[in-house]
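Structure first, commentary second.
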Amino acid sequence: MRHILNLYENINSTARNNSDCPAVILPEEIFFTVSIVGVLENLMVLLAVAKNKSLQSPMYFFICSLAISDMLGSLYKILENVLIMFRNMGYLEPRGSFESTADDVVDSLFILSLLGSICSLSVIAADRYITIFHALQYHRIVTPHRALVVLTVLWAGCTGSGITIVTFSHHVPTVIAFTALFPLMLAFILCLYVHMFLLARSHARRTSSLPKANMRGAITLTVLLGVFIFCWAPFVLHVLLMTFCPADPYCACYMSLFQVNGVLIMCNAVIDPFIYAFRSPELRVAFKKMVICNWYQ
């Protein structure tokens, strides 16, 4: 998120000069390659669900929502590299009106990726909760139409929030609100997961067993959430340190890893489709059919 980083650019430069930790610079080719792979993998997920009627259920609609979030995160870096390339070639005026507008659009994709991921994980958690504890009423409660309506509302809210955050990103309160949103929403998801597993254990004691497919879905969500925290938390911590201790040498030492944290965000989009395929036999079969059909064509 370039605008947020520019808020403290001068202070961070001074802090790095006082720190013994040099900034870790990664080749742009690494970002570009990982981003391309992330876009292609998540595009395969979307195509697999679109082409297979057996996968067109609320659960896979929510997975597609998460895949779109991951894809937006990858597209952010691709578009940013394209803008940098055009500017270096002289096609864009440095800090001109068009570049500023393009930066706002690209930054909106980045924020939208984060907000979309959090909202998608939240709605998937709610879906798994209903699946486990209201299995008999699940198909009546969670219908494809209702799932699409929920996703439409969520993405409309995420889009509005993303535009607002980018528009007011030059203000420190916006930065604080942005960084606070991540732990607050994750705390909500974690509480829901803990509540879900505690009820699952209690329910299993009373009824001897729970449907293995439902519990497999809950475990898949736990893995997805763990990967999401691992990949995004370093960046959020970077923004927090930049907000509260920008001139501290120790904070500056961590902030020297900013590009490494950026690669982790890109890796999230690459890892998630492997989790889908590994944990979902139906999706794995759909991937195999797509690959085989394309190979023989």
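Observations on the model:
- Applying the Kirkwood pairwise sum to the alpha-carbon positions of the stretch 25-296 produces a hydrodynamic radius of 20.2 angstrom.
- Principal axis analysis of the Cα atoms in the stretch 225-278 yields extents of 44, 17, 12 Å, listed in decreasing size.
- Highest average first, the peptides 67-75, 150-158 ordered by how many other beta carbon atoms sit within 10 Å of their residues are 67-75, 150-158.
- Simple spin-label estimate for Arg146 and Phe230 gives 3.4 nm between the two label positions (7 Å along the Cα-to-Cβ direction from each Cα).
- Computed Rg/Rh of the stretch 36-180, alpha carbon atoms with Kirkwood Rh: 1.07
Each value in this text was obtained by applying a stated rule to the coordinates, not by laboratory testing. This structure is a prediction, so every number in the text was calculated from the model and none was measured. So basically every Cβ, Gly included, is an ideal-geometry build from the backbone, and we count neighbours across all protein chains shown.
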